[in-house]
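Have a look at the structure below, then the notes.
The values are calculated or read from the model by the stated rules, or taken from the named source; none is laboratory data. Because the structure is predicted, anything quoted here is derived from the model rather than measured. All Cβ positions, even for glycine, are placed from backbone atoms using ideal geometry, and neighbour counts span all protein chains on display. Heads up: the accessible areas ignore ligands, DNA and RNA and are worked out on the full protein's heavy atoms, side chains in. Shrake-Rupley method; radii C 1.70, N 1.55, O 1.52, S 1.80 Å.
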Amino acid sequence: MILYKTEEEIDLMKASAKVLAQAHGEVAKLIGEGITTGALDQRAEEFIRDNGGLPSFKGYNGFEYSLCISPNAVVVHGFPGEYVLKSGDIVSIDCGVQLNGYHSDSAYTYPVGEVAPEVLALLDETKKSLYLGIEQAIAGNRLGDVSYAIQNYVEKRGYGVVRELVGHGIGQKLHERPEVPNYGKRGSGLKLQTGLTLAIEPMVNLGTKSVVQEKDGWTIRTKDFKPSAHFEHTIVVRKDKAEILTSFDYIEQALQAKTL
């Protein structure tokens with residue numbers, strides 16, 4: 001069943017998304033050489049709870065953390081812990097917030113220190129693909145238009161698009177219908193209608209599209225151990241232009257402050 005949201009529900013999701021964006025900003029302030037991924041997770045949870053929210057991921061199907069932190073070849077669902085970020089790493093931070101009964105979900109991949117140019121390009125192009133997908137999330141289009149826009153852009157640049165993991169509907173549940181693949185055919189799939197809220201999240205690999213699951217039952221990494229990037233926004237389908245509910249503004253402000 002597809003759940004379309006009223007304007008009142010969308011307002012509640014916007015409130016959740018604002019806390020989420022601010023939590024990402026707090027994490028962004030800390031990212032750098034020498035910090036553990038566990039410390040990032042702790043800061044995110046503190047901020048979310050201090051602002052009246054709950055970490056959407058913590059306790060979800062037994063997941064024990066507030067953030068999925070996925071360095072380098074880890075695509076998604078990495079565990080925070082004792083890993084210390086070092087120069088040359090990239091790290092995906094995926095976070096969700098539940099506030100007033102509604103979820104929001106977003107992810108951002110950071111470079112740490114001096115990162116290889118081809119890896120920086122992967123981050124840039126994956127982020128661009130997210131916005132190209134979002135551009136297609138308007139009433140009257142098909143879900144396949146979103147998927148195709150992402151796949152077409154990144155595959156033309158020689159990257160691998162992960163098949164096994166997808167975006168999703170979102171609202172009172174963290175994961176609702178429909179699934180939102182990052183690959184597909186134009187004009188195929190669900191016809192998009194106003195009020196549909198989606199988490200769109202390209203997961204793009206520098207090498208092969210193939211992934212494997214580690215023995216912990218959660219961590220997904222690239223089969224060839226090459227880096228992977230992940231960017232995500234929660235959006236609502238509108239008539240002429242999708243509305244992005246989450247924001248990278250707090251992240252980018254934090255990153256800019258570091259360079260001053």
**Report entry** Some residue of the range 91-112 being farther than 30 Å from Tyr4 by Cβ, touching a Gly at 6+ places or on another chain (Cβ under 9 Å), at pLDDT 95 or above and assigned to a loop (DSSP other than H, G, I, E, B)
**Finding:** yes
Query raised in the report: Say we look at the range 16-73 and pick out the residues that are assigned to a helix (DSSP H, G or I) and at positive phi; which of these is surrounded by the most Cβ atoms within 10 Å (Cβ to Cβ)?
Result: Asn61
Query raised in the report: Under 6 Å by Cβ, and 6 or more places apart or on different chains, what pairs join a residue from the range 29-55 that is among the β-branched types (Val, Ile, Thr) with one that is part of a strand (DSSP E or B)?
Result: Ile31/Tyr110; Thr36/Val84; Thr37/Ile69; Ile48/Pro55; Ile48/Val97
**Report entry** Thr246 among the β-branched types (Val, Ile, Thr), surrounded by 19 or more Cβ atoms within 10 Å (Cβ to Cβ) and out of contact with any His (no Cβ under 6 Å at 6 or more places or on another chain)
**Finding:** no
Query - Per-region count, the range 121-142, residues more than 28 Å from Asp89 (Cα to Cα) and buried (at least 22 other Cβ atoms within 10 Å of the Cβ) - result: 1
Query raised in the report: Looking at (1) among the hydrophobic types (A, V, I, L, M, F, W, C); (2) open to solvent by 20 Å² or more (accessible area, probe 1.4 Å); (3) in a helix (DSSP H, G or I), which is the only condition Met1 fails?
Result: (3)
**Report entry** Residue list for the range 173-192, restricted to those being open to solvent by 20 Å² or more (accessible area, probe 1.4 Å), under 14 Å from Val236 (Cα atoms) and of a type outside the set (Lys, Arg)
**Finding:** Glu176
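Hey, any hits in the range 111-120 for a residue that's surrounded by 21 or more Cβ atoms within 10 Å (Cβ to Cβ), of a type outside the set (Asp, Glu) and within 16 Å of the chain's Cα centre (by Cα)?
Step one: list which residues in the range 111-120 are surrounded by 21 or more Cβ atoms within 10 Å (Cβ to Cβ), which gives none.
No, the range 111-120 contains no residue that is surrounded by 21 or more Cβ atoms within 10 Å (Cβ to Cβ), of a type outside the set (Asp, Glu) and within 16 Å of the chain's Cα centre (by Cα).
Looking at the range 193-226 only, could you name the residues that are open to solvent by less than 30 Å² (accessible area, probe 1.4 Å) and out of contact with any Lys or Arg (no Cβ under 7 Å at 6 or more places or on another chain)? Full working, then the answer.
From the range 193-226, those open to solvent by less than 30 Å² (accessible area, probe 1.4 Å) are 195-205, 207, 211, 219-220, 222; that's our starting set.
Matches in the range 193-226: Leu196, Leu198, Ala199, Ile200, Glu201, Pro202, Met203, Val204, Thr219, Ile220, Thr222.
Restricting attention to the range 161-168, does a residue exist that is of a type in the set (Asp, Glu) and farther than 26 Å from Pro80 by Cβ?
Filtering the range 161-168 for residues of a type in the set (Asp, Glu) gives 164.
So of that shortlist, the ones also farther than 26 Å from Pro80 by Cβ come out as none.
Looking for residues that are of a type in the set (Asp, Glu) and farther than 26 Å from Pro80 by Cβ, one finds none in the range 161-168, hence no.
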Query - Counted residues, the range 74-90 - those being assigned to a strand (DSSP E or B) and out of contact with any Cys (no Cβ under 7 Å at 6 or more places or on another chain) - result: 4
